[in-house]
């Protein structure tokens, strides 16, 4: 798979079974827009590229850095999985908590 990311990793990140990507490939099912956006983030590309609507593969270097961090750090993958369905307000609250923890050091 592209960028060294496995189908299993994508499925796990989406909270689904390991056969998810295979089902998409075999057109047994199609990803929702939210799933497509998450897969694009994982792969460092855009939903438009994955749908064949754009030739632009990678949106920016910052995204590449974030994806590398997610691949290399189990703790960051866990945090991402917990936050992926959170509301924007939930994320802001979590950021405040993490910032407060850092200031206690």
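Every number here is computed from the coordinates shown, using simple stated rules; none is lab data. Treat the numbers as computed from the prediction; the structure is a model and nothing was measured.
Quick notes on this one:
- Angle in degrees between helix 88-103 and the longest Cα principal axis of the chain, rounded to the nearest 10: 50
- Only helices enter the 222 nm calculation for the chain: every DSSP H run of n ≥ 4 contributes -39,500 (n - 2.57), and dividing by all residues gives -18000 deg cm²/dmol, rounded to 500.
- Compared with the dominant principal axis of the Cα atoms in the chain, helix 61-72 is inclined by about 90°.
- The chain: angle of helix 74-83 to the longest principal axis, Cα-based, in degrees nearest 10: 90
- The slack between residue 64 and residue 90, meaning 0.36 nm per residue of separation minus the straight C-alpha distance, is 6.9 nm.
- Value of Rg to Rh for the chain (Rh from inverse mean 1/r over Cα pairs, i.e. Kirkwood): 1.01
- Spatial offset of region 1-54 relative to region 72-90 amounts to 18 Å, using the alpha carbon center of each.
- Mean-square fluctuations from a GNM of the chain, with a 10 angstrom spring cutoff on Cα atoms, peak among 31, 88, 47 at 88.
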